[in-house]
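Report on one structure; see the data block that follows.
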Amino acid sequence: MASSGTICRVTRPRLTLVIVPAVIVTLMALLLAGCERTRSESLGAHGVAPSPAVAVAPANNPGSVVGTQPWQAAVPHGTLVGRAVTYWSTDRVGRPIQVTGTVFLPAGRPPAGGWPVMALGHGTVGINENCAPRFSPDLTGMSRSVLGFLRRGMAVTLADFSGLGAPGVHPYLDAQAAGRTIIDSVRALRRLEPDVGTTWMTYGISQGGGAAWAADELAGSYAPELRLRGAVAQVPAADNTGMADQAANGLLTPEQQGIMYFLIESLARSHPELNRDDYRHGELARVWPELDACSKSPMRAHALSQVTAGDFIPSSPEATARLRGLIAEGRVPQQKSAAPLLVIYGGRDMFIDHRWIESSISRACARGDVVDVDYQPERGHLDVDISAMHDWVGQRLSGVAATRDDCPR
């Protein structure tokens, strides 16, 4: 391993996004050849004092930038430096909202047409403003993906879904809402950086997998000025209506119980008529306030260890139907996708039942979508093999048509 150090970069009077890595000799040589560093900045991570935000544009058009701040954090082999962005987006019914995210550019000179963009969607982090990925030193586990795509010559955005990083209710597992924040993160980066082109892709994991899927089906009508080449949905939370019936039957796994708290609490905040007490009983009702912490909180983990699936059983069939209907509003698919879709998922997933994902795939196929299915029956939520994804992304960016379509025709 080479020792840590700053790779040379060009200073420009515009958004400059930098990766400062310590890497193996061959990668060091590759990065030095460009003599420009990956560019990006973002809101202060833990231990990083944020600088004053820079106002960019007051308009509330989707993707318009409200302000930016530097962001950096130590990652394996160096320091990831970027910029956090506050920008405008819309909620599921079209109302303007402010959201946040982080943005990054790769090293070197942009290709003809500008840098292609990979817009990332994060997994579950919580439902409160302070749980946003930009407040985490490793972007709540997404820094590895950021670095990987940067080194493949793609600009990268990581949206903090609405209500995370900015005031407002976070519509947890509402893929339709999160998909809009993903699309508008690309627009925001393009407004900040003229070297970013219109070609983009999206890749999301779990909650973000559903969001990436939704971005694919929204892209054609919501952002016709951008050219989406494909979407990758890894273990996607695409259609979670089965959670309501799983709860009613007392069959929620321990992993799903943590999801169900976030789901009910998020829905209750946006729908005041929803009675939390219809969905919390016994020990769950007692520890409910402790479950409000971000997903990796030790206090939250301890509280979850005290509850059982029976504590989540809805109080009546009507309560189950109400919950099922509210969840369905944000599911995917709801319309035909704009670009090919790769779905990666496992048969031993204890968070998202593989049958729920397969139901979404079937409905997407019925709409005429091109879907490449990578089903791994012996893998779970956290250990699916994504090695084939990189070739798939490279082919889409190269303009190669998606020849594999696992939909019955």
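Of note:
- Helix 317-328 and the long axis of the chain differ in direction by around 10°, with both axes built from C-alpha atoms.
- The long axis of helix 387-397 is offset from the longest Cα principal axis of the chain by roughly 60 degrees.
- Taken over the C-alpha atoms, the chain has Rg and Dmax values of 20.8, 65 angstrom.
- Contour excess over end-to-end distance, with Cα ends at Glu283 and Asn61 and 0.36 nm allotted per residue: 75.4 nm
- Annotation: amide H-H contacts under 5 Å for Leu342 (H modelled 1.01 Å from N, sequence separation of 5 or more, or interchain): Ala231, Val232, Ala233, Asp372.
- Amide N proximity, the stretch 222-250 versus Thr198 label position 7 Å along Cα-to-Cβ, cut-off under 17 Å: 222-230
- Using alpha-carbon coordinates, inclination of helix 175-192 to the longest axis of the chain, degrees: 20 degrees
- Sites Arg152 and Glu378, calculated FRET efficiency, Cβ-Cβ separation with R0 35 Å, nearest 0.05: 0.80
- Distance from the stretch 193-212 to the stretch 350-390 (C-alpha centre basis), Å: 18 Å
Read the figures in this text as sums done on the coordinates, not as results from a lab. Computed from a predicted model, the values in this text were never measured in an experiment. Here Cβ is always computed from backbone atoms with ideal geometry, including for glycine, and neighbour counts include all displayed protein chains.
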